[in-house]
Amino acid sequence: MATLIHTLADHSNDVNYCAFSSSCLATCSLDKTIRVYSLNNFTELPYSPLKGHTYAVHCCCFSPSGHVLASCSTDGTTVVWDTRDGRMLAVLEQPSGSPVRVCRFSPESTYLVSGAADGSVVLWNMQSLKLYRSGNVKDGSLVACAFSPNGNFFVTGSSCGDLTIWDDKMRCLYNEKAHDLGVTCCDISSQLISDGEHGFRYFQMASCGQDNQIKLWLILFADFLGVELKYKCTLTGHSAPVLACAFSYDGQMLVSGSVDKCVIIYETSTGNTLHTLSQHTRYVTTCAFAPCSPLLATGSMDKTVNIWQFDLKQPRAGNTVENESKVAVEDWSEDDVSAWLCAQDLADFVGLFKMNNIDGKELLNLTKESLTNELKIDSLGLRSKVLQKIEELRMKMISVSVTIPDEFLCPITRELMKDPVIAADGYSYEKEAMENWIRNKRQSSPMTNLPLHSLMLTPNRTLKMAISRWLEIQQK
(Lines give C-alpha, C1' and ligand atoms only; values in the text may rest on other atoms or scores of the structure.)
Protein backbone atom coordinates (compact mmCIF):
# COMPACT_ATOMS: atom_id res chain seq x y z
CA MET A 1 0.00 0.00 0.00
CA ALA A 2 1.40 3.43 -0.97
CA THR A 3 0.59 6.21 1.50
CA LEU A 4 0.91 9.94 0.86
CA ILE A 5 2.96 11.25 3.79
CA HIS A 6 3.98 14.75 2.72
CA THR A 7 3.37 17.37 0.03
CA LEU A 8 5.97 20.01 -0.86
CA ALA A 9 4.47 23.18 -2.31
CA ASP A 10 7.36 25.67 -2.33
CA HIS A 11 7.83 26.12 -6.07
CA SER A 12 5.92 28.95 -7.73
CA ASN A 13 5.70 27.21 -11.12
CA ASP A 14 5.68 23.75 -12.74
CA VAL A 15 7.92 21.13 -11.09
CA ASN A 16 10.09 19.62 -13.83
CA TYR A 17 12.22 17.07 -12.02
CA CYS A 18 13.03 15.50 -8.66
CA ALA A 19 15.99 13.38 -7.55
CA PHE A 20 17.07 11.59 -4.37
CA SER A 21 20.41 11.09 -2.69
CA SER A 22 20.67 8.87 0.40
CA SER A 23 19.84 11.83 2.65
CA CYS A 24 18.23 14.54 0.49
CA LEU A 25 15.58 15.24 -2.12
CA ALA A 26 16.17 17.87 -4.82
CA THR A 27 13.44 19.41 -6.97
CA CYS A 28 13.64 21.92 -9.83
CA SER A 29 11.11 24.08 -11.60
CA LEU A 30 10.14 26.53 -14.28
CA ASP A 31 10.57 29.14 -11.52
CA LYS A 32 14.38 28.98 -12.17
CA THR A 33 15.21 27.45 -8.77
CA ILE A 34 16.37 24.15 -7.28
CA ARG A 35 15.16 23.27 -3.80
CA VAL A 36 16.89 20.74 -1.54
CA TYR A 37 15.15 18.98 1.37
CA SER A 38 16.32 16.74 4.18
CA LEU A 39 14.76 13.27 4.18
CA ASN A 40 14.62 13.33 7.98
CA ASN A 41 11.68 15.72 8.16
CA PHE A 42 11.33 17.13 4.60
CA THR A 43 12.43 20.60 5.68
CA GLU A 44 14.51 22.69 3.29
CA LEU A 45 18.23 22.87 3.88
CA PRO A 46 19.47 26.28 5.04
CA TYR A 47 20.98 27.18 1.65
CA SER A 48 17.86 26.25 -0.33
CA PRO A 49 16.59 27.41 -2.78
CA LEU A 50 19.58 27.41 -5.12
CA LYS A 51 19.48 30.33 -7.52
CA GLY A 52 21.82 30.78 -10.45
CA HIS A 53 19.95 29.85 -13.58
CA THR A 54 18.38 32.67 -15.56
CA TYR A 55 15.63 30.53 -17.13
CA ALA A 56 13.64 27.39 -16.32
CA VAL A 57 15.50 24.47 -14.71
CA HIS A 58 14.64 21.23 -16.51
CA CYS A 59 16.57 18.53 -14.67
CA CYS A 60 18.67 17.93 -11.55
CA CYS A 61 20.67 14.93 -10.34
CA PHE A 62 22.95 13.96 -7.45
CA SER A 63 26.42 12.47 -7.80
CA PRO A 64 26.71 8.91 -6.41
CA SER A 65 28.21 10.23 -3.15
CA GLY A 66 25.44 12.82 -2.82
CA HIS A 67 28.01 15.56 -2.22
CA VAL A 68 27.45 17.21 -5.60
CA LEU A 69 24.24 18.23 -7.38
CA ALA A 70 23.94 19.14 -11.05
CA SER A 71 21.14 21.16 -12.63
CA CYS A 72 20.50 22.18 -16.24
CA SER A 73 18.42 24.91 -17.80
CA THR A 74 17.00 26.69 -20.81
CA ASP A 75 19.84 29.18 -20.27
CA GLY A 76 22.20 26.68 -21.98
CA THR A 77 24.17 25.79 -18.85
CA THR A 78 24.64 22.89 -16.46
CA VAL A 79 25.51 24.12 -12.98
CA VAL A 80 27.40 21.99 -10.44
CA TRP A 81 26.63 22.65 -6.76
CA ASP A 82 28.19 21.51 -3.47
CA THR A 83 25.33 19.96 -1.47
CA ARG A 84 27.10 20.49 1.84
CA ASP A 85 26.86 24.29 1.72
CA GLY A 86 25.08 25.16 -1.54
CA ARG A 87 28.16 26.67 -3.18
CA MET A 88 28.20 26.92 -6.97
CA LEU A 89 31.24 24.87 -8.05
CA ALA A 90 31.07 25.35 -11.81
CA VAL A 91 28.93 26.62 -14.66
CA LEU A 92 29.30 24.30 -17.66
CA GLU A 93 28.17 26.01 -20.86
CA GLN A 94 26.77 23.83 -23.62
CA PRO A 95 29.09 24.55 -26.59
CA SER A 96 26.14 25.37 -28.83
CA GLY A 97 24.39 27.47 -26.20
CA SER A 98 21.25 25.40 -26.76
CA PRO A 99 18.79 24.83 -23.86
CA VAL A 100 19.97 21.85 -21.78
CA ARG A 101 17.17 19.36 -21.12
CA VAL A 102 18.83 16.54 -19.16
CA CYS A 103 21.95 15.83 -17.08
CA ARG A 104 23.29 12.64 -15.49
CA PHE A 105 26.34 11.57 -13.47
CA SER A 106 28.19 8.36 -14.32
CA PRO A 107 28.09 5.73 -11.52
CA GLU A 108 31.58 6.64 -10.27
CA SER A 109 31.18 10.42 -10.77
CA THR A 110 33.90 10.36 -13.42
CA TYR A 111 31.67 12.08 -15.95
CA LEU A 112 28.58 14.23 -16.20
CA VAL A 113 26.43 14.08 -19.33
CA SER A 114 24.40 17.06 -20.53
CA GLY A 115 21.95 16.81 -23.43
CA ALA A 116 20.43 19.76 -25.23
CA ALA A 117 17.51 20.78 -27.41
CA ASP A 118 19.68 20.87 -30.55
CA GLY A 119 20.59 17.19 -30.08
CA SER A 120 24.08 17.87 -28.71
CA VAL A 121 25.48 15.50 -26.08
CA VAL A 122 28.44 16.57 -23.93
CA LEU A 123 30.51 14.38 -21.61
CA TRP A 124 32.14 16.55 -18.92
CA ASN A 125 35.18 15.41 -16.91
CA MET A 126 34.15 15.91 -13.28
CA GLN A 127 37.70 16.09 -11.97
CA SER A 128 38.74 18.97 -14.21
CA LEU A 129 35.17 20.28 -14.81
CA LYS A 130 36.13 20.57 -18.48
CA LEU A 131 34.56 19.23 -21.67
CA TYR A 132 35.81 15.69 -22.36
CA ARG A 133 33.88 14.57 -25.46
CA SER A 134 30.83 15.73 -27.40
CA GLY A 135 28.51 14.39 -30.07
CA ASN A 136 25.04 14.71 -31.57
CA VAL A 137 22.01 12.51 -31.98
CA LYS A 138 21.01 12.22 -35.62
CA ASP A 139 17.68 14.01 -35.25
CA GLY A 140 15.53 15.83 -32.70
CA SER A 141 16.14 17.25 -29.23
CA LEU A 142 17.90 15.19 -26.58
CA VAL A 143 15.45 14.82 -23.69
CA ALA A 144 16.42 11.66 -21.77
CA CYS A 145 19.55 9.92 -20.51
CA ALA A 146 20.50 6.94 -18.30
CA PHE A 147 23.83 5.32 -17.37
CA SER A 148 24.41 1.60 -17.04
CA PRO A 149 25.24 0.57 -13.44
CA ASN A 150 28.84 -0.23 -14.40
CA GLY A 151 29.35 3.02 -16.31
CA ASN A 152 30.46 1.27 -19.52
CA PHE A 153 27.71 2.89 -21.56
CA PHE A 154 24.81 5.30 -21.39
CA VAL A 155 21.57 5.65 -23.34
CA THR A 156 19.99 8.84 -24.65
CA GLY A 157 16.45 9.40 -25.87
CA SER A 158 15.34 12.02 -28.37
CA SER A 159 12.17 13.86 -29.32
CA CYS A 160 12.18 12.06 -32.69
CA GLY A 161 11.69 8.73 -30.86
CA ASP A 162 15.22 7.28 -31.02
CA LEU A 163 17.14 5.49 -28.27
CA THR A 164 20.91 5.74 -28.80
CA ILE A 165 23.56 3.77 -26.92
CA TRP A 166 26.97 5.40 -26.38
CA ASP A 167 30.13 4.03 -24.80
CA ASP A 168 32.15 6.00 -22.25
CA LYS A 169 34.28 7.43 -25.09
CA MET A 170 31.18 8.98 -26.72
CA ARG A 171 31.16 6.49 -29.57
CA CYS A 172 27.68 5.74 -30.90
CA LEU A 173 27.16 1.96 -30.56
CA TYR A 174 23.50 1.47 -31.43
CA ASN A 175 20.39 3.36 -32.47
CA GLU A 176 16.78 2.21 -32.32
CA LYS A 177 13.46 3.84 -33.21
CA ALA A 178 11.57 3.23 -29.96
CA HIS A 179 8.57 5.57 -29.71
CA ASP A 180 6.75 6.93 -32.75
CA LEU A 181 5.95 10.33 -31.28
CA GLY A 182 9.13 10.86 -29.29
CA VAL A 183 10.92 9.55 -26.19
CA THR A 184 10.29 11.50 -22.98
CA CYS A 185 12.33 9.57 -20.39
CA CYS A 186 14.40 6.42 -19.89
CA ASP A 187 15.98 4.57 -16.97
CA ILE A 188 18.25 1.54 -16.53
CA SER A 189 17.74 -0.85 -13.63
CA SER A 190 20.63 -1.72 -11.34
CA GLN A 191 19.32 -5.30 -11.31
CA LEU A 192 20.81 -7.55 -14.00
CA ILE A 193 18.65 -10.35 -15.36
CA SER A 194 19.58 -13.61 -17.08
CA ASP A 195 18.08 -14.94 -20.31
CA GLY A 196 18.16 -18.45 -18.81
CA GLU A 197 19.17 -19.96 -22.14
CA HIS A 198 22.66 -18.80 -23.05
CA GLY A 199 23.75 -17.61 -19.62
CA PHE A 200 23.94 -13.98 -20.75
CA ARG A 201 23.07 -11.29 -18.23
CA TYR A 202 21.19 -8.25 -19.47
CA PHE A 203 20.67 -4.72 -18.28
CA GLN A 204 16.99 -3.90 -18.14
CA MET A 205 15.87 -0.52 -19.46
CA ALA A 206 12.54 1.27 -19.49
CA SER A 207 11.57 4.04 -21.90
CA CYS A 208 8.39 6.07 -22.19
CA GLY A 209 7.02 8.45 -24.75
CA GLN A 210 4.39 10.66 -26.30
CA ASP A 211 2.71 7.51 -27.68
CA ASN A 212 1.23 6.76 -24.19
CA GLN A 213 3.48 3.72 -23.87
CA ILE A 214 6.14 2.39 -21.52
CA LYS A 215 8.47 -0.15 -23.11
CA LEU A 216 10.87 -2.53 -21.39
CA TRP A 217 14.13 -3.44 -23.13
CA LEU A 218 17.05 -5.78 -22.52
CA ILE A 219 20.56 -4.53 -23.30
CA LEU A 220 23.47 -6.93 -23.74
CA PHE A 221 26.83 -5.19 -23.66
CA ALA A 222 29.71 -7.59 -24.36
CA ASP A 223 33.12 -7.04 -25.91
CA PHE A 224 32.81 -10.05 -28.19
CA LEU A 225 29.21 -9.37 -29.27
CA GLY A 226 29.07 -5.59 -29.23
CA VAL A 227 25.72 -4.15 -28.15
CA GLU A 228 22.37 -5.86 -28.55
CA LEU A 229 19.05 -4.19 -27.72
CA LYS A 230 16.02 -6.47 -27.35
CA TYR A 231 12.43 -5.33 -27.01
CA LYS A 232 10.82 -7.13 -24.06
CA CYS A 233 7.26 -5.84 -23.60
CA THR A 234 4.98 -2.81 -23.39
CA LEU A 235 3.30 -1.75 -20.15
CA THR A 236 -0.16 -0.25 -20.48
CA GLY A 237 -2.33 1.74 -18.15
CA HIS A 238 -1.86 5.39 -19.07
CA SER A 239 -4.37 7.12 -21.36
CA ALA A 240 -2.08 10.00 -22.37
CA PRO A 241 1.64 10.67 -23.05
CA VAL A 242 3.93 9.25 -20.37
CA LEU A 243 6.43 11.89 -19.24
CA ALA A 244 8.55 10.02 -16.65
CA CYS A 245 9.64 6.54 -15.60
CA ALA A 246 12.07 5.20 -12.98
CA PHE A 247 13.11 1.85 -11.49
CA SER A 248 13.28 1.20 -7.76
CA TYR A 249 16.81 0.52 -6.51
CA ASP A 250 16.20 -3.23 -6.25
CA GLY A 251 14.76 -3.27 -9.79
CA GLN A 252 11.54 -4.91 -8.62
CA MET A 253 9.28 -1.94 -9.33
CA LEU A 254 8.87 0.67 -12.05
CA VAL A 255 7.00 3.94 -11.60
CA SER A 256 5.62 6.19 -14.32
CA GLY A 257 3.93 9.60 -14.48
CA SER A 258 1.69 10.90 -17.22
CA VAL A 259 -0.28 13.72 -18.79
CA ASP A 260 -3.36 11.82 -17.53
CA LYS A 261 -2.34 13.11 -14.02
CA CYS A 262 -1.79 9.55 -12.77
CA VAL A 263 1.21 7.78 -11.28
CA ILE A 264 1.35 4.00 -11.85
CA ILE A 265 3.67 1.58 -10.03
CA TYR A 266 4.32 -1.71 -11.82
CA GLU A 267 5.89 -4.98 -10.72
CA THR A 268 8.82 -5.25 -13.13
CA SER A 269 8.94 -9.04 -13.40
CA THR A 270 5.26 -9.48 -14.33
CA GLY A 271 4.22 -6.06 -15.62
CA ASN A 272 1.28 -6.10 -13.21
CA THR A 273 0.01 -2.81 -11.79
CA LEU A 274 0.66 -2.57 -8.04
CA HIS A 275 -0.65 0.97 -7.36
CA THR A 276 -2.34 3.80 -9.23
CA LEU A 277 -1.95 7.19 -7.54
CA SER A 278 -4.20 10.05 -8.60
CA GLN A 279 -3.52 12.93 -6.21
CA HIS A 280 -1.93 15.39 -8.66
CA THR A 281 -4.28 17.86 -10.36
CA ARG A 282 -2.16 18.48 -13.47
CA TYR A 283 0.37 16.59 -15.63
CA VAL A 284 2.84 14.39 -13.67
CA THR A 285 6.27 15.38 -15.00
CA THR A 286 8.69 13.44 -12.81
CA CYS A 287 8.96 10.50 -10.40
CA ALA A 288 11.85 8.97 -8.45
CA PHE A 289 12.43 6.22 -5.88
CA ALA A 290 14.73 6.87 -2.93
CA PRO A 291 17.84 4.65 -2.88
CA CYS A 292 17.72 3.27 0.67
CA SER A 293 14.27 3.97 2.06
CA PRO A 294 10.70 3.09 0.99
CA LEU A 295 9.98 6.53 -0.43
CA LEU A 296 8.73 7.74 -3.79
CA ALA A 297 8.58 11.36 -4.97
CA THR A 298 6.29 12.55 -7.76
CA GLY A 299 6.28 16.07 -9.20
CA SER A 300 3.71 17.86 -11.30
CA MET A 301 2.71 20.95 -13.21
CA ASP A 302 0.44 21.62 -10.23
CA LYS A 303 3.62 23.02 -8.58
CA THR A 304 3.75 20.30 -5.92
CA VAL A 305 5.91 17.29 -5.08
CA ASN A 306 4.17 14.41 -3.31
CA ILE A 307 6.15 12.06 -1.05
CA TRP A 308 4.80 8.51 -0.80
CA GLN A 309 5.79 5.73 1.57
CA PHE A 310 5.31 2.02 0.95
CA ASP A 311 6.79 -1.35 1.86
CA LEU A 312 9.70 -2.53 -0.26
CA LYS A 313 10.36 -6.21 -0.65
CA GLN A 314 13.32 -7.09 1.52
CA PRO A 315 16.31 -8.93 0.00
CA ARG A 316 15.68 -11.82 2.37
CA ALA A 317 12.64 -12.18 4.59
CA GLY A 318 13.54 -11.58 8.19
CA ASN A 319 17.13 -10.60 7.38
CA THR A 320 17.72 -6.86 7.51
CA VAL A 321 21.03 -5.24 8.25
CA GLU A 322 19.90 -4.66 11.82
CA ASN A 323 19.84 -8.39 12.52
CA GLU A 324 22.65 -9.32 10.14
CA SER A 325 24.42 -11.29 12.87
CA LYS A 326 21.72 -13.98 12.58
CA VAL A 327 23.16 -14.92 9.18
CA ALA A 328 26.94 -15.31 8.90
CA VAL A 329 28.40 -12.78 6.49
CA GLU A 330 30.08 -15.60 4.56
CA ASP A 331 26.59 -16.94 3.84
CA TRP A 332 25.14 -13.65 2.60
CA SER A 333 23.46 -13.72 -0.79
CA GLU A 334 24.02 -11.02 -3.41
CA ASP A 335 20.79 -9.37 -2.21
CA ASP A 336 22.05 -9.36 1.38
CA VAL A 337 25.20 -7.59 0.18
CA SER A 338 22.97 -5.05 -1.62
CA ALA A 339 21.05 -4.38 1.59
CA TRP A 340 24.34 -3.91 3.47
CA LEU A 341 25.62 -1.47 0.82
CA CYS A 342 22.46 0.64 1.17
CA ALA A 343 22.81 0.71 4.95
CA GLN A 344 26.44 1.89 4.62
CA ASP A 345 25.47 4.79 2.29
CA LEU A 346 27.01 2.88 -0.63
CA ALA A 347 23.80 2.28 -2.58
CA ASP A 348 25.35 3.50 -5.82
CA PHE A 349 27.53 0.35 -5.89
CA VAL A 350 24.56 -2.06 -5.77
CA GLY A 351 24.42 -2.51 -9.55
CA LEU A 352 28.20 -2.93 -9.89
CA PHE A 353 28.38 -5.53 -7.10
CA LYS A 354 25.41 -7.46 -8.51
CA MET A 355 26.93 -7.46 -11.97
CA ASN A 356 30.11 -9.01 -10.52
CA ASN A 357 28.14 -11.53 -8.40
CA ILE A 358 29.55 -10.27 -5.10
CA ASP A 359 28.07 -12.36 -2.30
CA GLY A 360 29.17 -12.39 1.35
CA LYS A 361 32.24 -14.53 0.80
CA GLU A 362 33.39 -12.41 -2.15
CA LEU A 363 32.72 -9.23 -0.17
CA LEU A 364 35.06 -10.24 2.65
CA ASN A 365 37.80 -11.10 0.14
CA LEU A 366 37.73 -7.74 -1.67
CA THR A 367 41.03 -5.87 -1.67
CA LYS A 368 42.32 -2.57 -2.98
CA GLU A 369 43.63 -4.42 -6.04
CA SER A 370 40.36 -6.22 -6.81
CA LEU A 371 38.35 -3.02 -6.39
CA THR A 372 40.69 -1.30 -8.85
CA ASN A 373 41.35 -4.01 -11.42
CA GLU A 374 38.21 -6.16 -11.35
CA LEU A 375 35.42 -3.81 -10.27
CA LYS A 376 37.08 -0.82 -12.02
CA ILE A 377 36.47 1.63 -9.16
CA ASP A 378 38.89 4.37 -10.22
CA SER A 379 38.22 6.85 -7.43
CA LEU A 380 40.70 6.45 -4.57
CA GLY A 381 38.22 8.03 -2.16
CA LEU A 382 35.42 5.62 -3.05
CA ARG A 383 37.77 2.61 -2.87
CA SER A 384 38.94 3.70 0.56
CA LYS A 385 35.36 4.14 1.77
CA VAL A 386 34.36 0.64 0.59
CA LEU A 387 37.46 -0.93 2.16
CA GLN A 388 36.85 0.91 5.43
CA LYS A 389 33.27 -0.38 5.61
CA ILE A 390 34.42 -3.94 4.84
CA GLU A 391 37.05 -3.70 7.59
CA GLU A 392 34.39 -2.50 10.02
CA LEU A 393 32.27 -5.49 9.00
CA ARG A 394 35.19 -7.88 9.65
CA MET A 395 35.72 -6.34 13.07
CA LYS A 396 32.02 -6.68 13.85
CA MET A 397 32.23 -10.37 12.88
CA ILE A 398 35.09 -10.81 15.32
CA SER A 399 33.16 -9.07 18.09
CA VAL A 400 30.20 -11.41 17.50
CA SER A 401 32.19 -14.63 17.31
CA VAL A 402 34.69 -14.09 20.18
CA THR A 403 34.82 -12.30 23.48
CA ILE A 404 36.77 -9.07 23.17
CA PRO A 405 39.00 -8.24 26.15
CA ASP A 406 37.22 -5.54 28.12
CA GLU A 407 40.23 -3.24 28.08
CA PHE A 408 39.96 -3.12 24.27
CA LEU A 409 36.40 -1.74 24.41
CA CYS A 410 35.67 1.96 24.54
CA PRO A 411 33.80 2.75 27.79
CA ILE A 412 31.48 5.12 25.90
CA THR A 413 30.52 3.04 22.83
CA ARG A 414 31.38 -0.44 24.17
CA GLU A 415 32.92 -1.17 20.76
CA LEU A 416 36.43 -2.29 19.84
CA MET A 417 38.70 0.75 19.76
CA LYS A 418 40.53 1.70 16.56
CA ASP A 419 42.22 4.88 17.77
CA PRO A 420 42.45 4.80 21.58
CA VAL A 421 43.37 7.93 23.52
CA ILE A 422 44.02 8.58 27.20
CA ALA A 423 41.92 11.30 28.86
CA ALA A 424 42.78 13.30 31.96
CA ASP A 425 40.88 10.81 34.14
CA GLY A 426 43.43 8.12 33.22
CA TYR A 427 40.99 5.99 31.23
CA SER A 428 41.31 5.12 27.51
CA TYR A 429 38.53 5.91 25.05
CA GLU A 430 37.93 5.76 21.31
CA LYS A 431 39.19 9.14 20.07
CA GLU A 432 36.08 10.08 18.07
CA ALA A 433 33.74 9.07 20.90
CA MET A 434 35.64 11.11 23.48
CA GLU A 435 35.88 14.13 21.16
CA ASN A 436 32.12 13.99 20.69
CA TRP A 437 31.69 13.69 24.45
CA ILE A 438 33.70 16.88 24.99
CA ARG A 439 32.13 18.67 22.02
CA ASN A 440 28.73 18.21 23.64
CA LYS A 441 30.03 20.34 26.55
CA ARG A 442 30.47 17.42 28.86
CA GLN A 443 33.63 18.25 30.81
CA SER A 444 33.36 15.45 33.32
CA SER A 445 34.77 11.93 33.12
CA PRO A 446 32.48 9.35 31.43
CA MET A 447 33.75 6.82 33.99
CA THR A 448 33.87 8.75 37.29
CA ASN A 449 31.60 11.70 36.53
CA LEU A 450 34.23 13.97 38.13
CA PRO A 451 35.39 17.15 36.39
CA LEU A 452 38.23 16.72 33.87
CA HIS A 453 41.09 19.05 34.84
CA SER A 454 42.26 18.99 31.21
CA LEU A 455 40.57 18.29 27.86
CA MET A 456 43.80 17.07 26.27
CA LEU A 457 43.65 13.59 24.69
CA THR A 458 46.88 11.61 24.37
CA PRO A 459 47.22 8.75 21.84
CA ASN A 460 47.53 5.38 23.57
CA ARG A 461 49.94 3.74 21.14
CA THR A 462 50.66 0.79 23.40
CA LEU A 463 46.99 -0.14 23.58
CA LYS A 464 46.57 0.39 19.83
CA MET A 465 49.44 -2.03 19.11
CA ALA A 466 47.96 -4.60 21.51
CA ILE A 467 44.57 -4.39 19.76
CA SER A 468 46.27 -4.77 16.34
CA ARG A 469 48.16 -7.89 17.49
CA TRP A 470 44.97 -9.37 18.94
CA LEU A 471 43.09 -8.71 15.68
CA GLU A 472 45.85 -10.39 13.62
CA ILE A 473 45.56 -13.50 15.79
CA GLN A 474 41.74 -13.57 15.44
CA GLN A 475 41.90 -13.26 11.65
CA LYS A 476 44.27 -16.17 11.17
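The values are calculated or read from the model by the stated rules, or taken from the named source; none is laboratory data. Owing to the predicted nature of the structure, the values given are computational and were not obtained by experimental measurement. The area values use the complete protein model at the heavy-atom level, side chains included, leaving out ligands, DNA and RNA. Shrake-Rupley method; radii C 1.70, N 1.55, O 1.52, S 1.80 Å.
Heavy-atom surface analysis with a 1.4 Å probe gives the chain a carbon and sulfur content of 48 percent of its accessible area.
Against the chain, whose longest principal axis comes from its Cα atoms, helix 334-343 is set at around 80 degrees.
Bridging of Lys464 to aspartates and glutamates at a Cα separation below 19 Å is possible for Glu391, Glu392, Asp406, Glu407, Glu415, Asp419, Asp425, Glu430, Glu432, Glu435, Glu472, once same-chain residues fewer than 8 apart are set aside.
Any chance you could give the angle, 0 to 90 degrees and rounded to 10, that helix 461-475 forms with the longest Cα principal axis of the chain? Its long axis makes an angle of about 70 degrees. For Lys32, the aspartates and glutamates whose Cα comes closer than 17 Å to its Cα, not counting residues fewer than 8 places off in the same chain, are Asp10, Asp14, Glu44, Asp75, Glu93, Asp302. Ligands, DNA and RNA are left out, and with a 1.4 angstrom probe the accessible area of the chain is 45 Å² per residue. For region 406-475, the percent of C-alpha pairs falling in each 5 Å distance bin, counted from 0 to the bin holding the largest distance, reads 3, 19, 29, 24, 14, 7, 4, 2. Relative contact order of region 2-310: 14 percent, from C-alpha pairs under 8 Å at least 6 residues apart in sequence. Estimated from helical segments only, the mean residue ellipticity of the chain at 222 nm is -4500 deg cm²/dmol, where each DSSP H run of four or more residues counts as -39500 (n - 2.57). Relative to the longest principal axis of the Cα atoms of the chain, helix 380-401 runs at roughly 50 degrees.
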